[in-house]
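Below: the structure, in structure tokens.
The values are calculated or read from the model by the stated rules, or taken from the named source; none is laboratory data. Because the structure is a prediction, the values reported are computed rather than measured. Backbone-built Cβ (ideal geometry, glycine too); neighbour counts: all protein chains shown.
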Amino acid sequence: MATREFLLSNADQFVGQEIALTDWLNIDQDQVDRFGEVTRWAPWMHTDPDRCEKESPYGGTLVHGFFIISLITYFMESAGVRPKDGAYSLNYGMDKVRVLRPIITGEGVRVRDRIKLIGTTDRGEGKCLLKTGHEFEVEGQQGPSVYVEYLNFWFPKSFDMTTSQ
């Protein structure tokens, strides 16, 4: 059986389907600390393992929800979720962002993304708005820990930026 090629021109045929399940990604305390530093959000629940062990109801530091959400583009690229006829895309936004349960850093945690195509919107001239659902899973846990619907505005390789607005 031949596998259909994922294109902007036929993306609507993939709506409702899981289009990728990424490899596991390791996240450790150093990464969580650096994310907190860069975003200027580093409260003890994310950055102080000793205090969390004693005072937190979770028994360890938590991975920032926004850290997990920020991995969407990494996971899409690493899983090859790129229409073959797409030149580039722009972040268009997000819907239904939910942090369903905390992710405890501990000695390290492994996360992956289950990606489903939810919808497509033709924007003319071969351009297309893709809506993907992302279920971020933590190894050893049932169900998603974070859910996001991501909107990604794609431009085709044939799009001429010099004549279009």
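In table form, for the structure just shown:
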quantity: Answer from Leu8, Leu25 - the residue that is in contact with a Pro (Cβ under 7 Å, 6 or more places away or on another chain) and surrounded by 14 or more Cβ atoms within 10 Å (Cβ to Cβ); calculated: Leu8
quantity: Subset tally (residues that are within 13 Å of the chain's Cα centre (by Cα), part of a loop (DSSP other than H, G, I, E, B), in contact (Cβ under 8 Å) with a residue 40 or more places away in the chain and under 19 Å from Phe35 (Cα atoms)) for the stretch 63-79; calculated: 1
quantity: Near pairs, Cβ below 9 angstrom, 6+ apart or cross-chain, from the stretch 80-94 (within 12 Å of Leu7 (Cβ to Cβ)) to any residue that is small (Gly, Ala, Ser); calculated: Arg82/Ser89; Pro83/Ser9; Pro83/Ala11; Pro83/Ser89; Asp85/Ser9; Asp85/Gly126; Asp85/Ser158
quantity: Boolean, Asp95 is acidic (Asp, Glu) and either modelled with pLDDT of 95 or more or surrounded by 17 or more Cβ atoms within 10 Å (Cβ to Cβ) (or both); calculated: yes
quantity: Filter pass, Gly60 being assigned to a loop (DSSP other than H, G, I, E, B) and either closer than 24 Å to Gly36 by Cα or among the aromatic types (Phe, Trp, Tyr) (or both); calculated: yes
quantity: Count - residues of the stretch 104-132 that are in contact with a helix residue (DSSP H, G or I) (Cβ under 7 Å, 6 or more places away or on another chain), part of a loop (DSSP other than H, G, I, E, B) and either closer than 22 Å to Ser70 by Cα or of a type in the set (S, T, N, Q) (or both); calculated: 1
quantity: Hits in the stretch 1-36 - residues which are more than 30 Å from Gly126 (Cβ to Cβ), touching a helix residue (DSSP H, G or I) at 6+ places or on another chain (Cβ under 9 Å) and not in a loop (DSSP other than H, G, I, E, B); calculated: Leu25, Ile27, Gln29, Gln31, Val32, Asp33, Phe35, Gly36
